[in-house]
Amino acid sequence: MLKVLEVLTADQAGFVTRPVERARLLFGGIEGDRHFGLTRPSCSRTPWHARGTVIANTRQISILSAEECVEIARRLAIARVEPRLIGANLVLAGDPDLTGLPPAARLVFPSGAVLFVTEENHPCRHAGKMLAEAFGEPRLELGFVRAAEGRRGLVAMVEREGEVAAGNEVKVVVPRHRRTGA
């Protein structure tokens with residue numbers, strides 16, 4: 001079982017999130033968050049679409065593992081990777097390989113809210129730049145991308161609305177999957 005350590009929102013200008021005690025998850029994500037919405041324009045993360053094409057928003061919520069943040073900090077030789085600096089909405093404890101959860105896994109909260117994991121959140125220079133600025137170390141901009149590969153967490157969309165709060169226990173439901181034929 002996982003536990004929510006922090007709930008954060010990017011409801012102000014910029015990339016950085018701020019902690020909140022709780023958040024209501026709506027079908028578009030966290031209302032007021034910069035990633036809120038049922039749709040979004042395609043970007044470099046979706047090169048199979050022309051940039052700017054309106055697509056379903058499968059990146060409503062950014063989820064990090066506290067343990068993976070510790071490992072990224074160790075690899076970068078810094079004291080701490082502050083989740084708010086890299087755009088986190090939820091910080092979970094209890095799984096040192098959270099990023100390894102497969103797409104279609106579900107995170108179930110006590111309120112009944114369910115997040116549907118869409119994919120791994122690959123590290124980007126933008127998050128690295130936030131760390132570089134915070135620590136006054138330019139090397140962190142690209143260093144973060146290397147250190148966080150496979151550890152940057154997950155992105156998800158809201159499958160069922162409800163509330164999430166720090167201290168919540170989170171049940172993980174991993175889908176059965178079997179690919180037949182090629």
### Query
Which residue out of LEU38, LEU76, LEU26, LEU5 is in contact (Cβ under 8 Å) with a residue 40 or more places away in the chain and open to solvent by 50 Å² or more (accessible area, probe 1.4 Å)?
LEU5
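Here is a yes/no grid of residues against (1) aromatic (Phe, Trp, Tyr); (2) touching a Ser or Thr at 6+ places or on another chain (Cβ under 6 Å):
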site	(1), (2)
ALA10	no, yes
PHE15	yes, no
GLY28	no, no
THR53	no, yes
ILE63	no, no
### Of residues in the stretch 39-76 being touching a Leu at 6+ places or on another chain (Cβ under 8 Å) and of a type in the set (Asp, Glu), the one farthest from ARG125 (Cα to Cα)
GLU67
### Query
With respect to ILE55, is the statement that it is of a type in the set (A, V, I, L, M, F, W, C), open to solvent by less than 40 Å² (accessible area, probe 1.4 Å), in contact (Cβ under 8 Å) with a residue 40 or more places away in the chain and in contact with a strand residue (DSSP E or B) (Cβ under 8 Å, 6 or more places away or on another chain) true?
no
#### Entry: Qualifying positions in the stretch 108-128 - buried (at least 19 other Cβ atoms within 10 Å of the Cβ), in a loop (DSSP other than H, G, I, E, B) and in contact with a strand residue (DSSP E or B) (Cβ under 9 Å, 6 or more places away or on another chain)
PHE109, ALA113, ASN121
### Task
Give the residues of the stretch 147-157 that are surrounded by fewer than 23 Cβ atoms within 10 Å (Cβ to Cβ) and in a strand (DSSP E or B), sorted by residue number.
MET157
### Message
Given (1) touching a Leu at 6+ places or on another chain (Cβ under 9 Å); (2) more than 18 Å from GLU67 (Cβ to Cβ), identify the lone condition not met by GLU120.
### Response
(2)
### Message
Please return the ranges of strands (runs of 3 or more DSSP E) entirely within the stretch 1-85 where 1 or more residues are on the phi > 0 side of the Ramachandran plot and under 16 Å from the mean Cα position of the chain (by Cα).
### Response
none
### Message
Considering only residues that are within 15 Å of LEU90 (Cβ to Cβ) and touching a residue at least 40 places away in the same chain (Cβ under 8 Å), which ones fall in the stretch 8-23?
### Response
LEU8, THR9, ALA10, THR17, ARG18, PRO19, GLU21, ARG22, ALA23
### Task
Would you point out which residue out of PHE135, PHE144 is on the phi < 0 side of the Ramachandran plot, within 19 Å of the chain's Cα centre (by Cα) and not acidic (Asp, Glu)?
PHE144
### Query
Which condition breaks for THR180 when tested against (1) crowded, with 16+ Cβ neighbours inside 10 Å; (2) among the β-branched types (Val, Ile, Thr); (3) without any contact (Cβ under 8 Å) to a residue 24 or more places away in the chain?
(1)
## Note on the structure
Of the residues in the stretch 88-102, those that are open to solvent by 10 Å² or more (accessible area, probe 1.4 Å) and farther than 14 Å from GLU120 by Cβ come to ALA93, GLY94, PRO96
### Query
Which of the following residues is free of Cβ contacts under 8 Å to residues at least 12 places away in the same chain and outside any loop (DSSP other than H, G, I, E, B): GLU141, GLU163, GLU133?
GLU133
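The values are calculated or read from the model by the stated rules, or taken from the named source; none is laboratory data. What you see is a predicted model, and the numbers here were worked out from it, not measured in a lab. Cβ sites come from the backbone with ideal geometry, for glycine too, and all protein chains shown count toward neighbours. Surface accessibility is based on the protein's heavy atoms, side chains included, excluding ligands, DNA and RNA. Shrake-Rupley method; radii C 1.70, N 1.55, O 1.52, S 1.80 Å.
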